[in-house]
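The values are calculated or read from the model by the stated rules, or taken from the named source; none is laboratory data. Predicted model only: the values in this text are computed from it and were never measured. All Cβ positions, even for glycine, are placed from backbone atoms using ideal geometry, and neighbour counts span all protein chains on display.
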Amino acid sequence: MSLSKTQQRDRRHKRVRAKVIGSGSRPRLSVYKSNTRLVAQIIDDSSGVTIAAVSSATQKGKAPRERAEAAAAALAKSAAAKGVKAVVFDRGGFQYLGTVKAFADAARAAGLEF
């Protein structure tokens, strides 16, 4: 019996999360991508608190990649205001290409270190 796409992504995400853990000094930047939007959160796993969050659904732009880049800039600005400069990137079981890569590159350009 083969697994669905969602089940396969969940397996990949569990493997990623076994290695990627956010702390107070270096929280986790978690990314979720759907067909219509990209959602990202900066999470401190030691205390279980979401420090900052953003969705590309509220961003301006026509292409999903442009909206993801705008969301990354907004998230980096919000994180900088709360004193977060370095994060650990959690791709959430998604491949590191397309929208996820564009988001990561834009977040780095906006000042987040990972």
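Consider R26 against the criteria (1) outside any loop (DSSP other than H, G, I, E, B); (2) among the charged types (D, E, K, R); (3) surrounded by 13 or more Cβ atoms within 10 Å (Cβ to Cβ): it satisfies all of them except one. Which criterion is unmet?
Tallying (1) outside any loop (DSSP other than H, G, I, E, B); (2) among the charged types (D, E, K, R); (3) surrounded by 13 or more Cβ atoms within 10 Å (Cβ to Cβ), R26 fails exactly one: (1).
Go through the residues of segment 7-15 one by one and say whether even a single one is acidic (D, E), surrounded by 13 or more Cβ atoms within 10 Å (Cβ to Cβ), within 15 Å of the chain's Cα centre (by Cα) and outside any strand (DSSP E or B).
Scanning segment 7-15, I find no residue that is acidic (D, E), surrounded by 13 or more Cβ atoms within 10 Å (Cβ to Cβ), within 15 Å of the chain's Cα centre (by Cα) and outside any strand (DSSP E or B), so the answer is no.
Give me the pairs, please: first residue somewhere in segment 37-65 and touching a residue at least 40 places away in the same chain (Cβ under 8 Å), second residue anywhere and crowded, with 19+ Cβ neighbours inside 10 Å and part of a loop (DSSP other than H, G, I, E, B), beta-carbon distance under 9 Å, and either six or more positions apart or on two chains.
Within 9 Å, the pairs are I42/G22; I42/P27; I42/V84; I42/V87; I42/L112.
Taking segment 57-98, which residues are closer than 11 Å to V31 by Cα, in contact with a strand residue (DSSP E or B) (Cβ under 6 Å, 6 or more places away or on another chain) and in a helix (DSSP H, G or I)?
Selection gives A68 alone.
Which condition does V16 not pass, out of (1) modelled with pLDDT of 95 or more; (2) farther than 13 Å from F103 by Cβ; (3) touching a Lys or Arg at 6+ places or on another chain (Cβ under 8 Å); (4) of a type outside the set (K, R), if it passes all the others?
Only one criterion in (1) modelled with pLDDT of 95 or more; (2) farther than 13 Å from F103 by Cβ; (3) touching a Lys or Arg at 6+ places or on another chain (Cβ under 8 Å); (4) of a type outside the set (K, R) is unmet by V16, namely (1).
Could you check how many residues of segment 99-114 are in a loop (DSSP other than H, G, I, E, B) and surrounded by 20 or more Cβ atoms within 10 Å (Cβ to Cβ)?
Residues in segment 99-114 being in a loop (DSSP other than H, G, I, E, B) and surrounded by 20 or more Cβ atoms within 10 Å (Cβ to Cβ): 1 in total.
Does A81 qualify as being surrounded by fewer than 20 Cβ atoms within 10 Å (Cβ to Cβ) and either within 19 Å of T36 (Cβ to Cβ) or of a type in the set (A, V, I, L, M) (or both)?
yes
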